[in-house]
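Have a look at the structure below before the remarks.
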Amino acid sequence: QVQLVESGGGLVQPGGSLRLSCAASGSIFSISAMGWFRQAPGKQRELVALITRGGYINYADSVKGRFTISRDDAKGTVSLQMNSLKPEDTAVYYCHVRRTSIDYWGQGTQVTVSS
C-alpha cells in the first residue's frame, strides 16, 4: 500500500506561480511512475505531467514550457512547479503513483487561477 499526501494548492492570480508537492509513504520501493493529473468542473480527469523512475518525462501540451515536474526517490516525493498560470489551469490536482501495476491517488488539492 502507498499513501499520498498533497500540499501547495491555493488561489493565485493569472501569471502567478504555485508549487505542488506530494509525499508518498508506505511501500514506496518499486514505485515506477509518479505524476499529476487534474480535473476541472464538468471535465474528465487529465494527465498534467508524469515522470518515470528512469527519468522519462511527459507533459500535457497545454502546460509544456510552464510546468516542471520533479521527483526525489529517496524522500518519496514528487513536485510540480507551475509558472505563468492561466485561468484554464483551475482544477483539482491529484498526485498519482504507479507501483507494481497498481495506481494510487492522493485526495486532491484545489488550484484556482483568478484575478
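Here is how the numbers come out for the structure above:
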read-out	value
Gain upon complete extension [Ser27, Lys43; 0.36 nm per residue less C-alpha separation]	2.6 nm
Sulfur and carbon atoms: percent of accessible area, the chain [1.4 Å]	50 percent
Residue-normalised accessible area of the range 24-79, expressed per residue, 1.4 Å probe, Å²	55 Å²
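The values are calculated or read from the model by the stated rules, or taken from the named source; none is laboratory data. Only a predicted model underlies this, so the values are computations on that prediction, with no experimental measurement involved. For accessibility, only protein heavy atoms count, side chains too; no ligands or nucleic acids. Shrake-Rupley method; radii C 1.70, N 1.55, O 1.52, S 1.80 Å.
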